[in-house]
Amino acid sequence: MQSSASWLRRNLSNVPDISDQEMNAAGERPAEDLYARLDGVNSLVIHHSATATGNARVFRALHRAVNGWLDIGYHFVIGNGTLSSDGEIEHGRPVWSVGAHAREHNGDSIGICLVGNFCETSPTRKQMASLTYLLKKLLEDFSLSSSGILLHRDVPGCRTECPGDNLTIKEVVDALL
Ligand SMILES: [Zn+2]
């Protein structure tokens, strides 16, 4: 099992001055009462990690220890078989809490991150199957139509390539049919 600290050191070009012990501790979940509550959900935003490998724990360590955030930015992480199983759905922030994944849209959206860099590779079949399953569940839970599903780059005001050219909204929405 790879430690969060070794993953961070391998994946960051500029590693800040944080001890391995602190980096590994940052992979742990913070206390529940620290989160702000979402004020309804209007969109489900899809991201890639822009890293070849990963899981909820190492992204949590990255976002906490390096970015200085309360917790991992996303509500869900879908593994690609590197540091979690292929297609495994892991929980990030609680689904009722405000995330940190889409500037100015965090107050009413859920963030889903697929592990991988889809500027270079494509999501695995199992990741797409899990994404479809999760989106169907969330659309139902929050009474949304599929127009509520957005890629990060299509969120108004967000300037990003995320989740890469190899993941399109057509592909995501077609899979729901
Ligand atoms: Zn993104």
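Pairs linking a residue in the stretch 106-124 that is in contact (Cβ under 8 Å) with a residue 60 or more places away in the chain to a residue that is part of a loop (DSSP other than H, G, I, E, B) and aromatic (Phe, Trp, Tyr), with Cβ atoms under 6 Å and 6 or more positions apart or on different chains, are GLY111/TYR74; CYS113/TYR74. Taken together, GLY73, GLY92, GLY164 contain a single residue that is more than 30 Å from LEU34 (Cα to Cα), in contact with a Cys (Cβ under 9 Å, 6 or more places away or on another chain) and modelled with pLDDT of 95 or more, which is GLY164.
Answer yes or no: is there a residue in the stretch 70-78 that is open to solvent by 20 Å² or more (accessible area, probe 1.4 Å) and part of a loop (DSSP other than H, G, I, E, B). Within the stretch 70-78 (the criterion being open to solvent by 20 Å² or more (accessible area, probe 1.4 Å) and part of a loop (DSSP other than H, G, I, E, B)), the answer is yes, since at least one residue qualifies.
Only a single item in (1) more than 14 Å from the ligand (Cβ to nearest atom); (2) under 23 Å from ARG57 (Cα atoms); (3) of a type outside the set (S, T, N, Q) is not met by CYS113, and it is number (1). Scanning the stretch 31-46 for residues that are in contact (Cβ under 8 Å) with a residue 60 or more places away in the chain and among the acidic types (Asp, Glu), we see that the one that is least open to solvent (accessible area, probe 1.4 Å) is GLU32.
Considering every residue within the stretch 136-159, establish whether at least one is open to solvent by less than 60 Å² (accessible area, probe 1.4 Å), touching a His at 6+ places or on another chain (Cβ under 7 Å) and either closer than 12 Å to ILE46 by Cα or not in a loop (DSSP other than H, G, I, E, B) (or both).
Within the stretch 136-159, one or more residues are open to solvent by less than 60 Å² (accessible area, probe 1.4 Å), touching a His at 6+ places or on another chain (Cβ under 7 Å) and either closer than 12 Å to ILE46 by Cα or not in a loop (DSSP other than H, G, I, E, B) (or both).
With respect to the conditions (1) closer than 25 Å to SER85 by Cβ; (2) part of a helix (DSSP H, G or I); (3) open to solvent by 100 Å² or more (accessible area, probe 1.4 Å), GLU22 falls short on a single one, namely (1). Whether any residue in the stretch 129-143 is within 14 Å of the ligand (Cβ to nearest atom) and farther than 21 Å from ALA56 by Cβ is what I want to check. There is no residue in the stretch 129-143 that is within 14 Å of the ligand (Cβ to nearest atom) and farther than 21 Å from ALA56 by Cβ.
Yes/no matrix, rows are residues, columns are (1) over 20 Å from VAL173 (Cβ atoms); (2) hydrophobic (A, V, I, L, M, F, W, C):
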site	(1), (2)
GLY73	yes, no
ILE89	no, yes
VAL95	yes, yes
GLY107	yes, no
CYS119	yes, yes
LEU139	no, yes
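Exactly one residue out of ARG103, ARG125 is open to solvent by 20 Å² or more (accessible area, probe 1.4 Å) and under 27 Å from ARG29 (Cβ atoms), and it is ARG103.
Between SER84, SER6, the distinction of being away from the ligand (no atom under 16 Å from the Cβ), open to solvent by 10 Å² or more (accessible area, probe 1.4 Å), among the hydroxyl-bearing types (Ser, Thr, Tyr) and in a helix (DSSP H, G or I) belongs to SER6 only.
When we screen LEU83, LEU62, LEU38 for residues that are closer than 22 Å to SER146 by Cβ and at pLDDT 95 or above, the only hit is LEU38.
The values are calculated or read from the model by the stated rules, or taken from the named source; none is laboratory data. Model, not experiment: these values are computed from the prediction. So basically every Cβ, Gly included, is an ideal-geometry build from the backbone, and we count neighbours across all protein chains shown. All accessible areas refer to the heavy atoms of the entire protein, side chains included, with ligands and DNA or RNA removed. Shrake-Rupley method; radii C 1.70, N 1.55, O 1.52, S 1.80 Å.
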